[in-house]
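The values are calculated or read from the model by the stated rules, or taken from the named source; none is laboratory data. No experiment lies behind these values; they were computed from the predicted model shown. Quick reminder, even Gly has a Cβ in these numbers, built from the backbone with ideal geometry, and neighbours come from all protein chains shown.
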Amino acid sequence: MDDCRALLAKNMKKFRKILSLSQMALAEKVGCSTTLIGNIEINRRFPSAENINRIADALEVKIADLFAEPESAAIGGTGSRQDLKIKLERNIIRAIDETFKKDGQA
């Protein structure tokens with residue numbers, strides 16, 4: 001079993017990648033520095049309770065998912081396959097929308 005800091009680091013990075021967010025984009029959504037996000041992901045810093053709430057909101061997950069064992073986080077644990085599918089579909093729709101906006105077609 002990993003400690004809570006290591007679980008947070010692994011899960012944050014995993015959920016950030018699922019949403020196709022850079023550390024900078026996540027930091028903007030959370031309202032903190034990119035350095036803080038990076039340091040959390042390499043297990044160098046631990047966020048405040050307030051930032052944990054903001055990180056969970058920004059990653060569209062429950063706080064419990066941030067601290068779940070990797071095999072249960074978002075799939076079969078506190079989240080579900082359906083939740084993951086919905087998040088992936090949102091990412092696809094967001095990417096399509098951004099593509100149309102860049103092409104001036106939206």
**Asked** Just a yes or no: is a residue in segment 23-42 of a type outside the set (D, E, K, R), within 10 Å of the chain's Cα centre (by Cα) and more than 20 Å from residue 69 (Cα to Cα)?
**Response** yes
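Can you name the residue in segment 77-103 that is assigned to a loop (DSSP other than H, G, I, E, B) and modelled with pLDDT under 70 and is also surrounded by the fewest Cβ atoms within 10 Å (Cβ to Cβ) among such residues? Even if it seems obvious, please write down each step before you answer.
Here is the first cut: in segment 77-103, the ones assigned to a loop (DSSP other than H, G, I, E, B) are 77-80, 103.
Still in the running and modelled with pLDDT under 70: 77-80.
Values: 77: 15, 78: 16, 79: 21, 80: 12.
Ranking the qualifying residues of segment 77-103, first place goes to 80.
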**Message:** Filter segment 1-23 down to the residues that are in a loop (DSSP other than H, G, I, E, B) and surrounded by fewer than 18 Cβ atoms within 10 Å (Cβ to Cβ) and list them by number.
**Reply:** 1, 2, 3, 20, 22
**Complete:** Here the residues within segment 30-42 that are in contact with an Asp or Glu (Cβ under 9 Å, 6 or more places away or on another chain) and either surrounded by fewer than 16 Cβ atoms within 10 Å (Cβ to Cβ) or free of Cβ contacts under 8 Å to residues at least 24 places away in the same chain (or both) are 34
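Does segment 46-68 include one or more residues that are acidic (Asp, Glu), assigned to a loop (DSSP other than H, G, I, E, B) and at pLDDT below 75? Please lay out each step first, then the result.
Of all residues in segment 46-68, those acidic (Asp, Glu) come to 50, 57, 60, 65.
Checking which are assigned to a loop (DSSP other than H, G, I, E, B) leaves us with 60.
This time we only want the ones that are at pLDDT below 75, so: none.
No, segment 46-68 has no match at all.
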